[in-house]
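Enquirer: Take a look at the following structure, please.
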Amino acid sequence: MSQGSAQNTRELEDRYELPVYPRRDIVLVRGKGARLYDEEGREYIDCASNVGVSNIGHGNEEVARAIYEQYRTLANCYGMFYNPVRAKLAQRLVELAPPRLQRVFFCNSGTEAVEGALKFARATTGRSEILAAMRGFHGKTFGALAATWGEEYQKPFLPMMPGVKHVPFNQFEKLAQAAGEETAAVILEPVQGEGGVRVGEKTYFEQVRRFCDEKGILLILDEVQTGFGRTGTLFACEQFVEPDLLCVAKSLAGGVPMGAVLCSDKVKVPVKSHTSTFGGNPLACAAALASLEIIVREKLSERARTLGAYFLEGLQAIASEKIRDVRGLGLMIGIELKEKAAPYVQRLAVKGVIVLLAGPNVIRLLPPLVITKEEIDMVLAAFEEVLG
Ligand code: PLP
(Lines give C-alpha, C1' and ligand atoms only; values in the text may rest on other atoms or scores of the structure.)
Protein backbone atom coordinates (compact mmCIF):
# COMPACT_ATOMS: atom_id res chain seq x y z
CA MET A 1 0.00 0.00 0.00
CA SER A 2 1.35 3.44 -0.88
CA GLN A 3 1.85 5.98 1.87
CA GLY A 4 -1.51 7.68 2.32
CA SER A 5 -2.37 11.23 3.23
CA ALA A 6 -2.30 12.20 6.89
CA GLN A 7 -6.11 12.17 6.88
CA ASN A 8 -6.14 8.66 5.46
CA THR A 9 -3.68 7.40 8.08
CA ARG A 10 -5.77 8.79 10.93
CA GLU A 11 -8.95 7.30 9.49
CA LEU A 12 -7.39 3.85 9.02
CA GLU A 13 -5.91 3.71 12.52
CA ASP A 14 -9.11 4.99 14.13
CA ARG A 15 -11.16 2.53 12.10
CA TYR A 16 -9.08 -0.63 12.59
CA GLU A 17 -7.22 -0.41 15.92
CA LEU A 18 -8.56 -0.83 19.42
CA PRO A 19 -8.69 2.74 20.73
CA VAL A 20 -6.50 2.35 23.81
CA TYR A 21 -4.12 5.25 23.19
CA PRO A 22 -5.09 8.86 23.94
CA ARG A 23 -4.13 10.06 20.45
CA ARG A 24 -2.26 13.20 19.53
CA ASP A 25 -3.22 14.64 16.16
CA ILE A 26 0.20 14.15 14.53
CA VAL A 27 1.13 11.49 11.95
CA LEU A 28 4.83 10.74 12.39
CA VAL A 29 6.63 9.09 9.50
CA ARG A 30 10.36 9.67 9.90
CA GLY A 31 13.08 10.57 12.38
CA LYS A 32 16.74 11.55 12.36
CA GLY A 33 18.80 12.34 15.45
CA ALA A 34 16.57 14.39 17.73
CA ARG A 35 14.21 15.44 14.92
CA LEU A 36 10.90 13.92 13.88
CA TYR A 37 8.91 14.58 10.70
CA ASP A 38 5.18 14.31 10.08
CA GLU A 39 3.33 13.25 6.96
CA GLU A 40 3.09 16.86 5.74
CA GLY A 41 6.87 17.26 6.10
CA ARG A 42 6.72 19.36 9.28
CA GLU A 43 9.79 19.09 11.48
CA TYR A 44 9.68 18.68 15.27
CA ILE A 45 12.33 18.57 17.97
CA ASP A 46 11.71 15.34 19.82
CA CYS A 47 11.60 15.75 23.60
CA ALA A 48 9.80 12.43 24.13
CA SER A 49 12.03 9.77 22.51
CA ASN A 50 8.96 7.57 22.15
CA VAL A 51 8.72 7.67 25.97
CA GLY A 52 12.38 7.08 26.61
CA VAL A 53 13.17 4.63 23.80
CA SER A 54 15.31 6.64 21.40
CA ASN A 55 18.27 7.53 23.63
CA ILE A 56 20.71 7.24 20.71
CA GLY A 57 18.42 9.29 18.43
CA HIS A 58 16.40 8.24 15.41
CA GLY A 59 17.66 6.58 12.24
CA ASN A 60 21.08 5.54 13.51
CA GLU A 61 23.03 3.98 10.61
CA GLU A 62 25.20 1.71 12.79
CA VAL A 63 22.19 0.08 14.43
CA ALA A 64 20.42 -0.15 11.06
CA ARG A 65 23.40 -2.04 9.62
CA ALA A 66 23.63 -4.36 12.64
CA ILE A 67 19.93 -5.23 12.30
CA TYR A 68 20.21 -5.81 8.55
CA GLU A 69 23.24 -8.07 8.87
CA GLN A 70 21.80 -10.04 11.77
CA TYR A 71 18.45 -10.59 10.05
CA ARG A 72 20.24 -12.09 7.08
CA THR A 73 22.36 -14.27 9.38
CA LEU A 74 19.84 -15.49 11.98
CA ALA A 75 16.96 -13.45 13.37
CA ASN A 76 15.50 -15.93 15.84
CA CYS A 77 16.99 -18.54 18.11
CA TYR A 78 14.94 -19.90 20.99
CA GLY A 79 16.77 -19.94 24.33
CA MET A 80 17.10 -23.73 24.38
CA PHE A 81 19.88 -23.28 21.79
CA TYR A 82 23.05 -21.33 22.43
CA ASN A 83 23.75 -18.27 20.29
CA PRO A 84 26.94 -16.16 20.13
CA VAL A 85 25.20 -12.78 19.77
CA ARG A 86 23.05 -13.38 22.83
CA ALA A 87 26.10 -14.65 24.73
CA LYS A 88 28.01 -11.47 23.86
CA LEU A 89 25.15 -9.19 24.93
CA ALA A 90 24.64 -10.99 28.25
CA GLN A 91 28.36 -10.66 28.98
CA ARG A 92 28.41 -6.97 27.96
CA LEU A 93 25.41 -6.09 30.13
CA VAL A 94 26.97 -7.78 33.17
CA GLU A 95 30.27 -5.94 32.51
CA LEU A 96 28.45 -2.60 32.36
CA ALA A 97 26.06 -3.16 35.28
CA PRO A 98 26.85 -2.66 38.98
CA PRO A 99 28.92 -5.58 40.37
CA ARG A 100 26.09 -7.21 42.33
CA LEU A 101 24.27 -8.00 39.05
CA GLN A 102 25.74 -11.13 37.54
CA ARG A 103 23.07 -12.72 35.36
CA VAL A 104 20.57 -11.67 32.71
CA PHE A 105 17.08 -12.80 31.73
CA PHE A 106 15.99 -11.51 28.32
CA CYS A 107 12.42 -10.59 27.38
CA ASN A 108 10.71 -8.14 25.04
CA SER A 109 9.32 -5.15 26.90
CA GLY A 110 9.32 -3.20 30.14
CA THR A 111 6.25 -4.79 31.63
CA GLU A 112 7.68 -8.23 30.89
CA ALA A 113 10.91 -7.32 32.67
CA VAL A 114 8.88 -6.31 35.72
CA GLU A 115 6.70 -9.41 35.42
CA GLY A 116 9.86 -11.55 35.42
CA ALA A 117 11.41 -9.71 38.37
CA LEU A 118 8.26 -10.14 40.48
CA LYS A 119 8.12 -13.85 39.70
CA PHE A 120 11.85 -14.29 40.36
CA ALA A 121 11.44 -12.55 43.73
CA ARG A 122 8.64 -14.94 44.71
CA ALA A 123 10.55 -18.00 43.49
CA THR A 124 13.74 -16.95 45.28
CA THR A 125 12.27 -15.99 48.65
CA GLY A 126 9.28 -18.35 48.82
CA ARG A 127 7.27 -15.31 49.96
CA SER A 128 4.38 -13.72 48.11
CA GLU A 129 4.04 -10.02 48.95
CA ILE A 130 5.40 -6.99 47.13
CA LEU A 131 5.83 -3.41 48.32
CA ALA A 132 5.55 -0.72 45.64
CA ALA A 133 5.37 3.06 45.71
CA MET A 134 2.44 5.36 45.27
CA ARG A 135 2.70 7.10 41.89
CA GLY A 136 4.96 4.24 40.70
CA PHE A 137 4.57 2.91 37.17
CA HIS A 138 5.72 -0.58 36.20
CA GLY A 139 3.67 -1.59 33.17
CA LYS A 140 0.29 -3.05 32.39
CA THR A 141 0.43 -6.86 32.34
CA PHE A 142 -1.23 -8.42 35.39
CA GLY A 143 1.73 -8.68 37.77
CA ALA A 144 3.23 -5.35 36.78
CA LEU A 145 -0.20 -3.70 36.80
CA ALA A 146 -0.72 -4.74 40.41
CA ALA A 147 2.50 -2.87 41.26
CA THR A 148 1.55 0.14 39.11
CA TRP A 149 -0.22 2.86 41.05
CA GLY A 150 -3.48 4.29 39.82
CA GLU A 151 -7.14 3.47 39.70
CA GLU A 152 -7.46 4.50 36.06
CA TYR A 153 -5.16 1.64 35.01
CA GLN A 154 -6.38 -1.01 37.47
CA LYS A 155 -10.13 -0.48 37.75
CA PRO A 156 -11.24 -1.94 34.38
CA PHE A 157 -9.31 -5.15 35.11
CA LEU A 158 -10.08 -5.94 38.77
CA PRO A 159 -9.38 -8.04 40.75
CA MET A 160 -5.65 -7.41 40.84
CA MET A 161 -2.98 -9.95 41.71
CA PRO A 162 -3.16 -10.04 45.54
CA GLY A 163 -0.32 -9.18 47.90
CA VAL A 164 0.85 -5.81 46.58
CA LYS A 165 0.87 -2.86 49.00
CA HIS A 166 1.57 0.74 47.94
CA VAL A 167 3.46 3.06 50.27
CA PRO A 168 4.43 6.75 49.89
CA PHE A 169 7.62 7.27 47.82
CA ASN A 170 10.70 8.65 49.62
CA GLN A 171 9.25 7.86 53.12
CA PHE A 172 11.27 5.03 54.62
CA GLU A 173 9.29 4.62 57.89
CA LYS A 174 6.06 4.01 55.97
CA LEU A 175 7.75 1.33 53.89
CA ALA A 176 9.30 -0.36 56.94
CA GLN A 177 5.91 -0.39 58.71
CA ALA A 178 4.21 -2.01 55.70
CA ALA A 179 6.74 -4.85 55.41
CA GLY A 180 6.11 -8.21 57.02
CA GLU A 181 7.16 -11.86 57.15
CA GLU A 182 5.68 -12.48 53.70
CA THR A 183 7.38 -9.55 51.91
CA ALA A 184 9.33 -10.93 48.96
CA ALA A 185 10.41 -7.69 47.30
CA VAL A 186 10.31 -3.92 47.19
CA ILE A 187 9.98 -2.44 43.70
CA LEU A 188 10.88 1.20 43.06
CA GLU A 189 11.86 3.54 40.24
CA PRO A 190 14.96 5.67 41.02
CA VAL A 191 13.10 8.55 39.34
CA GLN A 192 9.36 8.10 39.01
CA GLY A 193 8.60 8.81 35.35
CA GLU A 194 4.88 8.47 34.64
CA GLY A 195 4.22 9.55 38.23
CA GLY A 196 5.46 13.08 37.57
CA VAL A 197 9.27 12.97 37.25
CA ARG A 198 9.89 12.64 41.00
CA VAL A 199 13.52 12.04 41.87
CA GLY A 200 14.22 9.52 44.62
CA GLU A 201 16.27 10.60 47.65
CA LYS A 202 19.59 8.81 48.00
CA THR A 203 19.23 8.42 51.79
CA TYR A 204 15.80 6.84 51.29
CA PHE A 205 17.24 4.30 48.85
CA GLU A 206 20.13 3.58 51.24
CA GLN A 207 17.69 2.96 54.09
CA VAL A 208 15.58 0.69 51.89
CA ARG A 209 18.69 -1.22 50.76
CA ARG A 210 19.81 -1.84 54.38
CA PHE A 211 16.30 -2.80 55.44
CA CYS A 212 15.95 -5.29 52.57
CA ASP A 213 19.29 -6.87 53.47
CA GLU A 214 18.27 -7.20 57.13
CA LYS A 215 14.90 -8.75 56.35
CA GLY A 216 15.88 -11.01 53.44
CA ILE A 217 13.72 -8.92 51.07
CA LEU A 218 14.85 -8.45 47.45
CA LEU A 219 15.17 -4.93 46.07
CA ILE A 220 13.92 -4.52 42.50
CA LEU A 221 14.77 -1.27 40.74
CA ASP A 222 12.70 -0.50 37.67
CA GLU A 223 14.98 1.33 35.24
CA VAL A 224 12.83 0.80 32.19
CA GLN A 225 12.66 4.57 31.75
CA THR A 226 15.81 5.74 33.56
CA GLY A 227 18.21 3.25 31.96
CA PHE A 228 21.00 3.61 29.41
CA GLY A 229 22.38 7.05 30.13
CA ARG A 230 19.11 8.93 30.57
CA THR A 231 19.84 10.27 34.08
CA GLY A 232 23.56 11.00 33.65
CA THR A 233 24.95 7.54 34.43
CA LEU A 234 24.46 4.37 32.39
CA PHE A 235 22.06 3.11 35.06
CA ALA A 236 20.42 5.55 37.47
CA CYS A 237 21.04 3.07 40.32
CA GLU A 238 24.74 4.05 40.15
CA GLN A 239 23.61 7.30 41.82
CA PHE A 240 21.44 5.46 44.38
CA VAL A 241 22.06 1.84 45.48
CA GLU A 242 22.64 -1.53 43.85
CA PRO A 243 19.48 -3.59 43.51
CA ASP A 244 19.11 -7.38 43.55
CA LEU A 245 17.06 -7.20 40.36
CA LEU A 246 17.26 -4.46 37.75
CA CYS A 247 14.53 -4.14 35.10
CA VAL A 248 15.47 -2.53 31.79
CA ALA A 249 13.80 -2.22 28.38
CA LYS A 250 12.87 0.81 26.23
CA SER A 251 16.24 2.11 24.97
CA LEU A 252 18.14 -1.16 25.53
CA ALA A 253 18.11 -2.19 21.85
CA GLY A 254 18.20 1.19 20.10
CA GLY A 255 14.46 1.12 19.34
CA VAL A 256 13.96 -2.59 18.69
CA PRO A 257 11.64 -4.21 21.28
CA MET A 258 13.66 -5.80 24.06
CA GLY A 259 13.61 -6.06 27.83
CA ALA A 260 15.88 -7.66 30.41
CA VAL A 261 16.17 -8.39 34.10
CA LEU A 262 19.67 -8.21 35.52
CA CYS A 263 19.91 -10.36 38.63
CA SER A 264 22.25 -10.81 41.57
CA ASP A 265 23.53 -14.27 42.47
CA LYS A 266 20.84 -14.48 45.16
CA VAL A 267 18.17 -14.91 42.50
CA LYS A 268 17.26 -18.54 41.89
CA VAL A 269 14.63 -19.69 39.39
CA PRO A 270 13.82 -23.28 38.40
CA VAL A 271 14.53 -24.40 34.84
CA LYS A 272 11.53 -23.98 32.46
CA SER A 273 9.57 -21.93 34.99
CA HIS A 274 9.85 -18.62 33.12
CA THR A 275 10.85 -18.34 29.44
CA SER A 276 9.94 -16.39 26.29
CA THR A 277 9.92 -17.33 22.59
CA PHE A 278 11.42 -14.03 21.48
CA GLY A 279 13.46 -13.36 24.64
CA GLY A 280 17.07 -12.74 23.65
CA ASN A 281 16.47 -13.19 19.93
CA PRO A 282 19.69 -12.46 18.00
CA LEU A 283 18.07 -9.63 16.01
CA ALA A 284 17.30 -7.61 19.14
CA CYS A 285 20.64 -8.66 20.71
CA ALA A 286 22.58 -7.33 17.69
CA ALA A 287 20.65 -4.05 17.89
CA ALA A 288 21.34 -3.83 21.63
CA LEU A 289 25.08 -4.48 21.21
CA ALA A 290 25.32 -1.78 18.54
CA SER A 291 23.28 0.67 20.61
CA LEU A 292 25.31 0.03 23.79
CA GLU A 293 28.51 0.53 21.84
CA ILE A 294 27.25 3.98 20.72
CA ILE A 295 26.09 4.97 24.23
CA VAL A 296 29.48 4.07 25.72
CA ARG A 297 31.72 5.34 22.86
CA GLU A 298 29.87 8.63 22.44
CA LYS A 299 29.73 9.14 26.23
CA LEU A 300 26.00 9.76 26.07
CA SER A 301 25.59 9.42 29.85
CA GLU A 302 27.99 12.32 30.46
CA ARG A 303 26.23 14.23 27.71
CA ALA A 304 22.89 13.66 29.48
CA ARG A 305 24.41 14.96 32.70
CA THR A 306 25.83 18.21 31.27
CA LEU A 307 23.06 18.96 28.79
CA GLY A 308 20.46 17.97 31.40
CA ALA A 309 21.89 20.54 33.84
CA TYR A 310 21.89 23.18 31.07
CA PHE A 311 18.29 22.35 30.09
CA LEU A 312 17.09 22.38 33.72
CA GLU A 313 18.71 25.77 34.39
CA GLY A 314 17.22 27.20 31.21
CA LEU A 315 13.75 26.05 32.21
CA GLN A 316 14.17 27.30 35.78
CA ALA A 317 15.11 30.72 34.39
CA ILE A 318 11.77 31.09 32.58
CA ALA A 319 9.77 33.64 34.52
CA SER A 320 6.28 32.21 34.50
CA GLU A 321 3.43 32.43 36.98
CA LYS A 322 2.21 29.12 35.60
CA ILE A 323 5.22 27.03 36.68
CA ARG A 324 5.18 25.46 40.15
CA ASP A 325 8.40 23.44 39.94
CA VAL A 326 11.10 22.30 37.53
CA ARG A 327 12.96 19.13 38.51
CA GLY A 328 14.80 16.17 37.05
CA LEU A 329 17.95 14.14 36.72
CA GLY A 330 20.07 14.25 33.56
CA LEU A 331 17.86 14.44 30.49
CA MET A 332 14.74 13.37 32.40
CA ILE A 333 12.97 16.58 33.30
CA GLY A 334 9.56 17.50 34.67
CA ILE A 335 7.93 20.93 34.58
CA GLU A 336 5.06 20.99 37.08
CA LEU A 337 2.42 23.60 36.28
CA LYS A 338 -0.17 25.14 38.57
CA GLU A 339 -2.82 24.13 36.03
CA LYS A 340 -3.55 21.31 33.56
CA ALA A 341 -0.55 20.67 31.29
CA ALA A 342 -2.32 19.12 28.26
CA PRO A 343 -3.11 22.44 26.48
CA TYR A 344 0.58 23.41 26.72
CA VAL A 345 1.64 20.10 25.24
CA GLN A 346 -0.53 20.97 22.22
CA ARG A 347 0.84 24.52 21.99
CA LEU A 348 4.41 23.26 22.11
CA ALA A 349 3.64 20.86 19.24
CA VAL A 350 2.37 23.81 17.19
CA LYS A 351 5.76 25.44 17.89
CA GLY A 352 7.50 22.29 16.65
CA VAL A 353 8.38 20.61 19.98
CA ILE A 354 7.06 17.20 21.00
CA VAL A 355 6.82 16.65 24.76
CA LEU A 356 5.03 14.23 27.10
CA LEU A 357 2.68 14.47 30.03
CA ALA A 358 3.45 12.83 33.39
CA GLY A 359 0.18 13.15 35.27
CA PRO A 360 -2.28 15.99 34.77
CA ASN A 361 -0.01 18.93 35.69
CA VAL A 362 3.47 17.84 34.64
CA ILE A 363 5.18 18.24 31.25
CA ARG A 364 7.85 15.56 30.88
CA LEU A 365 10.95 15.89 28.72
CA LEU A 366 12.88 12.80 27.61
CA PRO A 367 14.83 13.98 24.55
CA PRO A 368 17.25 11.70 22.69
CA LEU A 369 20.61 11.99 24.46
CA VAL A 370 22.12 13.14 21.14
CA ILE A 371 20.06 16.36 21.24
CA THR A 372 22.32 19.38 20.65
CA LYS A 373 22.67 22.52 22.74
CA GLU A 374 21.23 24.51 19.82
CA GLU A 375 18.17 22.26 19.77
CA ILE A 376 17.76 22.71 23.53
CA ASP A 377 17.91 26.50 23.00
CA MET A 378 15.14 26.17 20.40
CA VAL A 379 13.04 24.16 22.87
CA LEU A 380 13.69 26.75 25.60
CA ALA A 381 12.55 29.52 23.23
CA ALA A 382 9.33 27.59 22.53
CA PHE A 383 8.72 27.16 26.29
CA GLU A 384 9.36 30.86 26.83
CA GLU A 385 6.74 31.72 24.19
CA VAL A 386 4.19 29.23 25.47
CA LEU A 387 4.63 29.67 29.22
CA GLY A 388 6.55 32.91 29.74
N1 PLP B 1 8.41 0.52 33.98
C2 PLP B 1 8.58 1.83 33.79
C3 PLP B 1 9.35 2.63 34.79
C4 PLP B 1 8.04 2.45 32.65
O5 PLP B 1 8.23 3.76 32.47
C6 PLP B 1 7.34 1.66 31.71
C7 PLP B 1 6.74 2.27 30.51
O8 PLP B 1 6.58 3.46 30.39
C9 PLP B 1 7.19 0.29 31.96
C10 PLP B 1 7.74 -0.25 33.10
C11 PLP B 1 6.45 -0.59 30.98
O12 PLP B 1 7.19 -0.72 29.82
P13 PLP B 1 6.49 -1.28 28.48
O14 PLP B 1 5.57 -0.21 27.99
O15 PLP B 1 7.65 -1.57 27.55
O16 PLP B 1 5.76 -2.51 28.85
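Enquirer: For the stretch 326-360, give me each residue that is open to solvent by 30 Å² or more (accessible area, probe 1.4 Å), more than 22 Å from the chain's Cα centre (by Cα) and farther than 20 Å from ASP377 by Cβ.
Expert: Once the filter is applied, which keeps residues that are open to solvent by 30 Å² or more (accessible area, probe 1.4 Å), more than 22 Å from the chain's Cα centre (by Cα) and farther than 20 Å from ASP377 by Cβ, the stretch 326-360 yields LYS338, GLU339, LYS340, PRO343, GLN346.
Enquirer: Identify the residue in the stretch 245-286 that is among the polar types (S, T, N, Q) and open to solvent by 40 Å² or more (accessible area, probe 1.4 Å) and, among all such residues, is farthest from the ligand (Cβ to nearest atom).
Expert: Of the stretch 245-286, the ones among the polar types (S, T, N, Q) are 251, 264, 273, 275-277, 281.
Still in the running and open to solvent by 40 Å² or more (accessible area, probe 1.4 Å): 273, 275, 277.
Details: SER273: 21, THR275: 18, THR277: 17 Å.
Selected residue: SER273.
Enquirer: Show the residue pairs that are 6+ apart or on different chains and have beta-carbon atoms under 9 Å apart, the first residue being within the stretch 111-133 and within 20 Å of GLY150 (Cβ to Cβ), the second being within 14 Å of the ligand (Cβ to nearest atom) and open to solvent by 50 Å² or more (accessible area, probe 1.4 Å).
Expert: THR111/LYS140; THR111/THR141; GLU112/THR141; VAL114/THR141; GLU115/THR141; GLU115/PHE142; ALA132/TRP149; ALA133/TRP149
Enquirer: Which numbered condition trips up ALA121, out of (1) over 16 Å from VAL224 (Cβ atoms); (2) touching a Ser or Thr at 6+ places or on another chain (Cβ under 8 Å); (3) of a type in the set (A, V, I, L, M, F, W, C)?
Expert: All conditions pass for ALA121, except number (2).
Enquirer: Return the residues of the stretch 219-242 that are within 13 Å of the ligand (Cβ to nearest atom) and either open to solvent by 10 Å² or more (accessible area, probe 1.4 Å) or touching a Cys at 6+ places or on another chain (Cβ under 7 Å) (or both); say none if nothing qualifies.
Expert: If the condition is that a residue be within 13 Å of the ligand (Cβ to nearest atom) and either open to solvent by 10 Å² or more (accessible area, probe 1.4 Å) or touching a Cys at 6+ places or on another chain (Cβ under 7 Å) (or both), then ILE220, LEU221, ASP222, GLU223, VAL224, GLN225 are the ones that fit.
Enquirer: Right, something else. (1) touching a residue at least 60 places away in the same chain (Cβ under 8 Å); (2) touching a Pro at 6+ places or on another chain (Cβ under 9 Å): which one isn't true of GLY193, the others all being true?
Expert: (2)
Enquirer: Another question about this same structure. If you check ALA319, ALA304, ALA287, which single one turns out to be touching a helix residue (DSSP H, G or I) at 6+ places or on another chain (Cβ under 8 Å) and touching a residue at least 60 places away in the same chain (Cβ under 8 Å)?
Expert: Result of the check over ALA319, ALA304, ALA287: ALA287.
Enquirer: If you don't mind, there's one more thing I want to ask. Give me a count of the residues in the stretch 191-218 that are within 11 Å of the ligand (Cβ to nearest atom), open to solvent by less than 20 Å² (accessible area, probe 1.4 Å) and out of contact with any strand residue (DSSP E or B) (no Cβ under 6 Å at 6 or more places or on another chain).
Expert: Residues in the stretch 191-218 being within 11 Å of the ligand (Cβ to nearest atom), open to solvent by less than 20 Å² (accessible area, probe 1.4 Å) and out of contact with any strand residue (DSSP E or B) (no Cβ under 6 Å at 6 or more places or on another chain): 2 in total.
Enquirer: Checking PHE157 against (1) more than 16 Å from the ligand (Cβ to nearest atom); (2) aromatic (Phe, Trp, Tyr); (3) surrounded by fewer than 17 Cβ atoms within 10 Å (Cβ to Cβ), which single condition isn't satisfied?
Expert: (1)
Enquirer: Of all the residues that make up the stretch 221-242, how many are part of a loop (DSSP other than H, G, I, E, B) and either in contact (Cβ under 8 Å) with a residue 40 or more places away in the chain or of a type outside the set (D, E, K, R) (or both)? Can you show your working first?
Expert: Filtering the stretch 221-242 for residues part of a loop (DSSP other than H, G, I, E, B) gives 223-235, 240-242.
Next cut, either in contact (Cβ under 8 Å) with a residue 40 or more places away in the chain or of a type outside the set (D, E, K, R) (or both) only: 224-235, 240-242.
The number of residues fulfilling the criteria is 15.
Enquirer: So in the stretch 361-370, with the set limited to residues that are more than 15 Å from the chain's Cα centre (by Cα) and assigned to a strand (DSSP E or B), which one is nearest to LYS299 (Cα to Cα)?
Expert: The extreme case among them is ILE363.
Enquirer: If you scan the stretch 112-145, which residues turn out to be within 16 Å of the ligand (Cβ to nearest atom), surrounded by fewer than 24 Cβ atoms within 10 Å (Cβ to Cβ) and in a helix (DSSP H, G or I)?
Expert: Of everything in the stretch 112-145, those that are within 16 Å of the ligand (Cβ to nearest atom), surrounded by fewer than 24 Cβ atoms within 10 Å (Cβ to Cβ) and in a helix (DSSP H, G or I) turn out to be LYS119, PHE142, GLY143, LEU145.
Enquirer: Among the residues of the stretch 11-58, write down those that are crowded, with 16+ Cβ neighbours inside 10 Å, among the charged types (D, E, K, R), modelled with pLDDT of 95 or more and over 22 Å from the mean Cα position of the chain (by Cα).
Expert: The answer is ASP38, and nothing else.
The values are calculated or read from the model by the stated rules, or taken from the named source; none is laboratory data. Being a predicted model, the structure only gives us computed values, none of them experimental. Cβ atoms come from the backbone with ideal geometry, glycine included; neighbour counts cover every protein chain shown. Protein only, heavy atoms only, side chains kept; ligands, DNA and RNA dropped before computing areas. Shrake-Rupley method; radii C 1.70, N 1.55, O 1.52, S 1.80 Å.
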